[in-house]
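Novice: Right, I'll just put the structure down here and ask away after.
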Amino acid sequence: RIKVQFTFLHMQMKVSDPLTDNFDRLAELIASFPTIARNTHFVFVPGPLDFCSNSILPRRPILSAFTGKLKSRLAKPHFMSNPCRLKCFGQEIVIYREDLMSRMLRNLVGVKPDVQNDDMKRFVSYLS
């Protein structure tokens, strides 16, 4: 009987991710201004084209796997859902990141300009 022993060499490999790299670069840029990095509240809201976002609302905040360095370099980062509510000086602000214009235009019904029906002309004039 021959005994074979396998040895596995575990190597740590860093896979470069563009999203993580860009958040890291943003963290370095903001950290180069210490007063701003210490005293400013930064609010990050995921958009419709962001990684890990889906069409279900509310969208979850940006994953912490991508924002680790940003969290460590900034004093007051806030990773919010989409939509979210902020209260600033007693005023409530709702932030919703979505391309609403393209969403509305997707269901647009076009009407020819030489419409003969008066009701249709009146309806079109209300929309424009």
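The values are calculated or read from the model by the stated rules, or taken from the named source; none is laboratory data. Owing to the predicted nature of the structure, the values given are computational and were not obtained by experimental measurement. Heads up: the accessible areas ignore ligands, DNA and RNA and are worked out on the full protein's heavy atoms, side chains in. Shrake-Rupley method; radii C 1.70, N 1.55, O 1.52, S 1.80 Å.
Novice: Could you check segment 31-64 and list, in sequence order, the residues that are open to solvent by 80 Å² or more (accessible area, probe 1.4 Å) and small (G, A, S)?
Specialist: Selection gives S55 alone.
Novice: Same structure, new question: Can you confirm whether S81 is closer than 24 Å to I36 by Cα, modelled with pLDDT of 85 or more, open to solvent by 80 Å² or more (accessible area, probe 1.4 Å) and of a type in the set (S, T, N, Q)?
Specialist: Values: closer than 24 Å to I36 by Cα: yes; modelled with pLDDT of 85 or more: yes; open to solvent by 80 Å² or more (accessible area, probe 1.4 Å): no; of a type in the set (S, T, N, Q): yes.
In short, no.
Novice: Among the residues of segment 102-122, is any modelled with pLDDT of 70 or more and within 22 Å of F23 (Cα to Cα)?
Specialist: No, segment 102-122 contains no residue that is modelled with pLDDT of 70 or more and within 22 Å of F23 (Cα to Cα).
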